[in-house]
Amino acid sequence: MIQLQATQLCKRFGERDAVVDVSFELREGEVLAIIGPNGAGKTTLLSILSGGLAPNSGEVRMSGAGGVGWVPQQTAVYSKLSVAENLRLFARLERVADIGHAVEEMLDQTGLRSRARDEVGRLSGGNRQRVNIAVGLIADPAVLLLDEPTSALDPRQRARLWDFINARVASGTSVVFATHDIAEAERYAGQLLVLADGEMLFSGAPSELGGGHSDADLERAFVSFLAEQGH
Amino acid sequence: MALRALLGKDLRILRRSPVLVVLLIAYPVAIAVLIGLALSSSPALPRVAFLNEIPPSQATIMLGSERIDTTRYEKQLFQAIQPVRVSTRAQAIADVRDGDTIAALIIPPNLPEQLANAAGSAYVDVIYNGDAINQSLVENAIESKLAQANSLLSAQLSRVADSYIDLLLTGGNLHFLGNSFDVLGLVRARLLLAATLSRLPPSSPLRPDIEQVEHFAQIAVSNLGGSKQVIGAVAAPIAVVQQMLSGRKTPLDTFAVAVAVAVSLMFVCILLASGMLALEREENTLARLHRKLVPTGVLLGEKALLATGVGVIVAFAMLSGIGLFVPLEWGRVGLWLVAMLVGGLAFAVLGVALGAIVREVRAASLLALLVSLPLVFLALVPSGSVSGGLEEAIRVISAVFPFKPSLEALDAAVNQTQPSLTIALAHLAALIAGFGTLARLALRP
């Protein structure tokens with residue numbers, strides 16, 4: 001079942017094209033990685049998908065129940081509030097029916113129960129990112145959007161985070177994430193979308209990028225592909 | 001629901017930032033108290049070393065029949081300065097040099113002689129320490145009192161001149177160096193000449209000369225009589241007639257109350273609104289809230305409400321505290337609250353506009369201070385004290401920001417002054433609409 005459908009999305013900032021004619025579909029339990037150089041339009045595309053930014057043209061369509069959960073690149077929670085208070089606040093703003101249950105569930109799933117009463121500003125970077133993701137998931141969305149979710153994490157924290165995300169995927173949540181880490185995209189994503197200067201250069205399975213490559217060479221294949229496309 | 005959730009969240013954040021809250025309240029209250037004190041208290045008298053070199057026996061001088069006591073003018077001068085009496089000129093100079101006094105005033109021993117001769121101006125010596133501000137302070141104090149002394153002295157001198165002119169005109173006794181002289185006077189001289197002329201035959205060769213002298217006496221009587229008015233006018237060149245217009249004039253202390261409350265309200269509302277909105281950007285939560293969770297209008301309204309609420313509580317507490325020392329009409333408390341609420345909302349909306357424009361709490365606070373402080377000073381510039389063009393510019397700037405109309409609303413609510421509270425509130429409502437639109441535009445995703 002198709003959870004998210006983006007059709008010919010375009011976004012301009014003044015004279016600059018940030019996203020040009022981007023279309024794709026995302027099925028239930030599917031993981032899509034958006035990769036591209038800096039300024040490619042990855043964050044802009046995620047912002048449009050999240051509903052935080054209106055496209056100049058094109059359409060984003062959601063199917064079935066459950067909305068979109070959004071996890072921005074930088075931690076977007078209140079550092080003076082505790083973990084539980086942040087979750088409770090965003091649950092109220094998301095109009096979650098059973099706020100207490102949702103908060104308890106997120107504390108369990110993120111492993112932050114023991115830190116529930118601690119102010120977020122006092123947590124480590126990894127734990128802050130877990131709170132950030134928990135806020136994105138508090139309304140139990142059908143689609144989770146993550147903007148470079150592991151960029152500030154060490155390898156152990158990255159692995160724990162992907163374990164957590166994969167558990168959600170296994171239960172049917174669809175995931176779209178932007179990343180600079182090509183290996184991460186290849187390892188966790190079933191679909192790859194390559195953006196450069198707002199244009200969608202590639203959409204398909206990671207193995208199809210550059211006409212086939214060895215596992216270790218995806219990054220090289222990506223760079224060669226960009227060069228071939230004139231970027 | 002979103003509004004209540006955000007309000008609760010912001011109050012919780014404020015509760016966990018006690019230093020911020022104390023600064024936010026203490027700073028404007030301190031500024032307001034200082035402004036209030038500066039407006040309502042009399043300036044302190046400058047300390048001036050004072051040396052009177054006139055020997056006590058020569059302190060009184062005689063001008064005609066008038067006795068002039070020079071110590072009387074000394075006392076008048078002391079109303080403008082705090083005198084530190086010294087016994088020598090060297091000690092006066094040392095006091096100024098050491099900074100014990102900011103100036104020295106020396107009355108030279110020959111002052112009575114100079115006054116008695118009336119050959120020219122009599123002088124006093126003033127020594128400054130070279131500090132421009134102090135010099136200006138002492139200069140103003142001494143010059144204003146010397147002007148008063150000169151005025152009184154001129155009046156006395158003109159009375160002496162009057163008595164001499166009267167003697168010349170009508171005659172009488174003149175006392176000089178212990179002797180008494182009978183002075184004929186021009187009026188009697190002219191009468192004697194007229195009587196002499198009537199007794200002379202028409203063909204007398206003496207008649208043309210006596211007629212010429214009699215004519216001169218007539219002209220002298222007319223003109224000397226008029227010269228008394230001229231001398232009087234020189235002694236008091238400008239007379240001031242005071243007139244109070246109808247209506248109520250705000251006493252300075254209650255106006256200072258309105259200023260102090262308006263300043264507190266402004267700082268709390270602008271700093272809190274701009275800071276709390278900028279905090280949303282700094283915490284990156286604005287992007288989350290923009291995701292259709294909270295409409296822009298609700299977010300801006302929540303910040304404005306929070307800032308207005310806190311600002312009004314601080315301002316009302318302050319006004320109530322001041323009310324213990326300055327008599328206020330408590331029957332008008334409802335109007336005070338209306339003025340505070342609308343004024344506070346205008347400040348808060350300006351604050352959210354500033355917070356929407358900048359992206360960091362520190363930058364927002366700095367901008368809020370940079371905008372607020374000049375507005376206070378501009379609003380307190382008395383009309384007519386600067387040139388026409390500058391006054392017009394100040395009037396326009398004061399009108400497009402909320403401090404002046406808020407001050408007018410508070411002054412009208414507390415002191416029943418003009419313009420009316422309704423006009424001030426309408427002005428504030430227009431500013432709320434304007435800055436609200438600006439904030440919405442600045443916060444567009």
Set A:Asp140, A:Asp147: member being on the phi > 0 side of the Ramachandran plot and either within 12 Å of chain B (Cβ to nearest Cβ) or not aromatic (Phe, Trp, Tyr) (or both): A:Asp140
Here is a list of conditions, (1) surrounded by fewer than 20 Cβ atoms within 10 Å (Cβ to Cβ); (2) touching a residue at least 12 places away in the same chain (Cβ under 8 Å); (3) over 27 Å from B:Ala413 (Cα atoms), and B:Ser365 meets all of them except one; can you say which number that is? (1)
Is it the case that B:Ile394 is assigned by TED's automatic domain parsing to the domain that holds B:Val33, farther than 21 Å from B:Ala273 by Cα and surrounded by 15 or more Cβ atoms within 10 Å (Cβ to Cβ)? yes
Quick check on A:Val135: is it touching a Phe, Trp or Tyr at 6+ places or on another chain (Cβ under 9 Å), surrounded by fewer than 19 Cβ atoms within 10 Å (Cβ to Cβ) and within 14 Å of chain B (Cβ to nearest Cβ)? no
Enumeration of residues in the stretch B:397-428 that are of a type in the set (Gly, Ala, Ser), in a helix (DSSP H, G or I), surrounded by fewer than 23 Cβ atoms within 10 Å (Cβ to Cβ) and touching a helix residue (DSSP H, G or I) at 6+ places or on another chain (Cβ under 7 Å): B:Ser398
What pairs come out if I take residues in the stretch B:141-163 that are charged (D, E, K, R) and pair them with residues that are in a helix (DSSP H, G or I) whose C-beta lies under 9 Å away, six or more apart or interchain? B:Lys145/B:Tyr73; B:Lys145/B:Gln76; B:Lys145/B:Leu77; B:Arg159/B:Ala235; B:Asp162/B:Lys228; B:Asp162/B:Ile231; B:Asp162/B:Gly232
Single unsatisfied condition, B:Ile357 versus (1) exposed (fewer than 14 other Cβ atoms within 10 Å of the Cβ); (2) of a type in the set (A, V, I, L, M); (3) under 23 Å from B:Pro295 (Cα atoms): (1)
Identify, by number, the condition in (1) assigned by TED's automatic domain parsing to the domain that holds B:Ile107; (2) surrounded by 13 or more Cβ atoms within 10 Å (Cβ to Cβ); (3) modelled with pLDDT of 70 or more that B:Pro28 doesn't meet. (1)
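Would you check which residues across the stretch A:62-92 are at negative phi and in contact (Cβ under 8 Å) with a residue 60 or more places away in the chain and list them?
Filtering the stretch A:62-92 for residues at negative phi gives A:62-63, A:65, A:67-92.
Correct list: A:Met62, A:Ser63, A:Ala65, A:Gly67, A:Val68, A:Gly69, A:Trp70, A:Val71, A:Pro72, A:Gln73.
So for the stretch A:106-125 (the condition being of a type in the set (Val, Ile, Thr) and closer than 29 Å to A:Ile35 by Cα), does at least one residue qualify? Step through it out loud before you land on a result.
Here is the first cut: in the stretch A:106-125, the residues of a type in the set (Val, Ile, Thr) are A:110, A:120.
Going one step further and asking which of them are closer than 29 Å to A:Ile35 by Cα, we end up with A:110.
So far as the stretch A:106-125 goes, yes, one or more of its residues are of a type in the set (Val, Ile, Thr) and closer than 29 Å to A:Ile35 by Cα.
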For the stretch B:312-341, give me each residue that is assigned to a loop (DSSP other than H, G, I, E, B) and at pLDDT 80 or above. B:Glu329
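Among the residues in the stretch A:130-137, are any among the polar types (S, T, N, Q) and in the same structural domain as A:Val194 (by TED's automatic domain parsing)? First the steps, then the outcome.
Initial filter on the stretch A:130-137 (among the polar types (S, T, N, Q)): A:132.
Next cut, in the same structural domain as A:Val194 (by TED's automatic domain parsing) only: none.
No, the stretch A:130-137 contains no residue that is among the polar types (S, T, N, Q) and in the same structural domain as A:Val194 (by TED's automatic domain parsing).
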Taking only pairs six or more apart or across chains, which ones have beta-carbon atoms under 9 Å, a first residue in the stretch A:42-57 that is more than 10 Å from chain B (Cβ to nearest Cβ), and a second residue that is of a type in the set (Ser, Thr, Tyr)? A:Lys42/A:Thr179
Scanning for something of a type in the set (Gly, Ala, Ser) and in contact with a Cys (Cβ under 6 Å, 6 or more places away or on another chain), does the stretch B:292-302 turn up at least one residue? no
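The values are calculated or read from the model by the stated rules, or taken from the named source; none is laboratory data. No experiment lies behind these values; they were computed from the predicted model shown. Cβ coordinates were reconstructed from backbone atoms using ideal geometry, including for glycine residues, and neighbour counts include every protein chain displayed.
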